[in-house]
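Notes for the one structure printed next.
The values are calculated or read from the model by the stated rules, or taken from the named source; none is laboratory data. Just so we're clear, the structure is a prediction, and the values are computed from it rather than from any experiment. Note that we place each Cβ from the backbone using ideal geometry, even for glycine, and neighbour counts take in every protein chain shown.
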Amino acid sequence: MLGIYWPYLTHLSLGFTILFEDLFEIVQNVPNLLELNMVIDYHDVNVITEATEFLTNIKKHYPTPSSSKIETLRIVIECATLCSNPCCQSPFGKAVQNLRWYWPQLKNIDIQN
């Protein structure tokens, strides 16, 4: 439990790495959030693998879509290992698309490295 509730916030930028499970809690507690920017600083390929598996199986963890208003998600991946290995990004990028099911209002997903 992160203990936040920001009902009037519409744009949020996170400059630190966060687990996707915690990210869902943040979005739930920021009901008017429209845009989320986050940096993922993964120096361990296992962490991105775990995130990919979690997002691939999102319907198991969260069987009901969120009522979130979030429309835009930007993810910047900072990791030399991943940047030099595009095959690590491909499964992660595909798994991130599953967020469209959980956040039905999500229109834009931008993943950069």
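The table below gives the values:
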read-out: Number of the exception - Trp101 against (1) exposed (fewer than 15 other Cβ atoms within 10 Å of the Cβ); (2) modelled with pLDDT of 80 or more; (3) assigned to a loop (DSSP other than H, G, I, E, B); value: (3)
read-out: Residue count for segment 1-21, restricted to those that are modelled with pLDDT under 90, surrounded by 13 or more Cβ atoms within 10 Å (Cβ to Cβ) and either closer than 11 Å to Ile75 by Cβ or within 13 Å of the chain's Cα centre (by Cα) (or both); value: 4
read-out: Residue tally, condition surrounded by 15 or more Cβ atoms within 10 Å (Cβ to Cβ) and either among the basic types (Lys, Arg) or without any contact (Cβ under 8 Å) to a residue 40 or more places away in the chain (or both), over segment 36-53; value: 6
